[in-house]
Amino acid sequence: MVSLMNWSDDLLTGIEEIDDQHRNLFLLINRLILHKRTHGPRENLLDVLHVLVAYSQAHFRSEDHHMAASEYPLARSHSHEHLTFTKNINNFMIDYERGDEELSDKMLIFLRKWWVTHVAESDQMFVKHLKETGYIPS
Ligand SMILES: [Fe+2]
Ligand SMILES: [Fe+2]
């Protein structure tokens, strides 16, 4: 069973827009984990998934903007990680809508791993760059 994630203020980036988005993404992923643990109805899950997809796209656009504005040297590979997330989540959605029973566990493990490897690592590398360059968000 996939365990709920814990929020850590170590994840804060100092950019309010990004921090709000991360908090909401965190809540959405935990809602999916909780949904699975409590055997919630399928329709609700699809709703949350659709919100997660739309929300993550808006979030990636924000990060792309700040990466370009701050001339982040690793912007290309960072955006590529966003793209991989989008592809994976879209595939999960397609499979889930087809009715794959095993899917939600796989998807939750993927989301949890993404949080640990991307939000807690790649995004933090980007934050380090922002701090080092004294970037002021606009
Ligand atoms: Fe992020
Ligand atoms: Fe990111």
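The values are calculated or read from the model by the stated rules, or taken from the named source; none is laboratory data. As the structure is a prediction and not an experimental result, all values here were calculated from the model. Using ideal geometry, Cβ is built from the backbone for each residue, glycine included, and neighbour counts are taken over all protein chains shown. Keep in mind that these areas ignore ligands, DNA and RNA; they rest on the heavy atoms of the full protein, side chains included. Shrake-Rupley method; radii C 1.70, N 1.55, O 1.52, S 1.80 Å.
Under 29 Å between alpha carbons, and skipping anything fewer than 8 positions from Lys36 in its own chain: which lysines qualify?
Cα-Cα hits under 29 Å: Lys87, Lys106, Lys113.
Using helices alone, what [θ] at 222 nm do you get for the chain, with -39,500 (n - 2.57) per DSSP H run of 4 or more residues, divided over all residues and rounded to the nearest 500?
Helices in the chain give a 222 nm mean residue ellipticity of -24000 deg cm²/dmol.
Modelling each spin label as a point 7 Å along the Cα-to-Cβ direction, I'd like the Asp20/Val48 distance in nm, to one decimal.
Spacing of the two 7 Å Cα→Cβ label points: 2.3 nm.
Quote the relative contact order of the chain in percent (integer), defining contacts as alpha-carbon pairs under 8 Å separated by 6+ residues.
Numbers: 76 pairs, mean separation 46.8, N = 138.
Across the chain, relative contact order equals 34 percent.
Length gain on complete extension for the stretch Leu12 to Ser62, per 0.36 nm per residue less the alpha carbon to alpha carbon distance?
16.5 nm
Please give the helix 103-114 orientation as an angle from the longest Cα principal axis of the chain, in degrees from 0 to 90, rounded to the nearest 10.
Compared with the principal axis, the helix lies near 20 degrees.
Compute the accessible area per residue over region 1-82, keeping the other protein chains in place, probe 1.4 Å, unit Å². Numbers along the way, then the final one.
Working: 4620 Å² over 82 residues.
In whole numbers, region 1-82 has 56 Å² accessible per residue.
³J(HN,Hα) across region 121-128 via Karplus (A = 6.51, B = -1.76, C = 1.60, θ = phi - 60°), whole Hz, x for Gly/Pro?
Going residue by residue, I get 10, 5, 5, 5, 5, 5, 4, 4 Hz, with x marking Gly and Pro.
Considering only protein heavy atoms and a probe of 1.4 Å, how much of the accessible area of region 11-138 is carbon and sulfur, as a whole percent?
Working: 3960 of 7130 Å².
Of all accessible area on region 11-138, carbon and sulfur atoms account for 56 percent.
From the backbone phi of region 70-80, what are the Karplus-calculated ³J(HN,Hα) couplings (6.51 cos²θ - 1.76 cosθ + 1.60, θ = phi - 60°) in whole Hz, Gly and Pro given as x?
Per-residue couplings from phi come out as 9, 6, 5, x, 9, 4, 4, 5, 5, 4, 5 Hz.
Between region 41-116 and region 1-29, what is the C-alpha centre distance in whole Å?
With region 41-116 and region 1-29 each reduced to a Cα centre, they are spaced 14 Å.
Could you give me the ³J(HN,Hα) list for region 9-15, computed from phi with Karplus coefficients 6.51, -1.76, 1.60 and θ = phi - 60°, whole Hz, x at Gly and Pro?
Taking θ as phi minus 60°, the curve returns 5, 4, 7, 5, 9, x, 9 Hz for region 9-15.
Which percent of Cα-Cα pairs in the chain sits in each 5 Å bin, short to long?
Using 5 Å bins, I get a P(r) of 2, 9, 20, 23, 18, 12, 8, 5, 2, 0 for the chain.
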